[in-house]
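Below you'll find the structure, written out as structure tokens, and then a few comments.
Please treat every number below as a calculation from the coordinates, not as lab data. What you see is a predicted model, and the numbers here were worked out from it, not measured in a lab. Here the Cβ positions follow ideal geometry from the backbone for every residue, glycine too, while neighbour counts run over all protein chains shown.
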Amino acid sequence: MREIVIKSLKDNSLIMLACFLVFLAGTVSGFVIYPFIRENVEEIVNSFYEGVITDTPLATARNIFFRNIQATSAMIIVGFTVIGPPMLLFFNGLASGIVLEYALTKGVSIQKLFYAVAPHALPEVLAFLLTASLGIRIGMSLVFPNGGRIKSFKKSVKEASFVYITVVVPLLLTACLLEVFVSAKLAAHTP
């Protein structure tokens, strides 16, 4: 089992790098577009968190986890288009850039922002990049089949499913727990 995961990470490393660059471009675009949507940003940011933040930390963590499961599942599902996962990554980066710039314009210090984002962002972004690369790999198995289109597609879906369940889901679970129980507390205690 471990060998399958390591092989998948190696096989997808260049795709993951490309996906990271797409996510980064989206994030930078969020900062760039912010002045043009400044009047609507508070409404946009609130819509990102609608139905996610609740009265209890555990329920909030659950909501974050399921929202991220939905987003990463979409990357797998639209993977057959090859362009779908990068588009979803770009828009996730765009949303991240808008939220970060919004926080900075509201006077949140860079140190506080770092503590609010960094602990959970690492596993979460890694999960998104890995999922996007798996989705792209599924799409590529249809466009450039190796040993027959159906056989290649089935192999890619099987590998993606295994890696998703054994790596991505635990990363997303870790990320949501860190976001609620670590990031929020670090940010609350940072000037």
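Remarks
- For the stretch 74-167, the square roots of the Cα gyration tensor eigenvalues, ordered a ≥ b ≥ c, give a/c of at least 1.5 with a/b greater than b/c, which places it in the prolate category.
- What the Cβ-Cβ distance of Ile150 and Leu104 gives, at R0 = 41 Å and to the nearest 0.05, is a FRET efficiency of 0.25.
- The alpha-carbon of Lys7 sits under 26 angstrom from the alpha-carbons of these lysines, leaving out residues fewer than 8 places away in its chain: Lys151, Lys154, Lys155, Lys158.
- Chain lengthening between Asp55 and Phe91 when straightened (0.36 nm per residue, less Cα-Cα): 10.1 nm
- Distance between the modelled labels on Val182 and Phe66, one decimal in nanometres: 2.5 nm (7 Å Cα→Cβ projection).
- Here the label points at Val45 and Lys10, each 7 Å from Cα along the C-beta direction, are separated by 4.5 nm in the simple model.
- Length gained on full extension, Arg2 to Leu17: 3.2 nm, using 0.36 nm per residue less the C-alpha separation.
- Three-way shape call for the chain based on the alpha-carbon gyration tensor, with the a/c threshold at 1.5: prolate
- Cα-based reach from Lys106 at 20 Å (exclusive), listing lysines while leaving out same-chain residues under 8 positions away: Lys185
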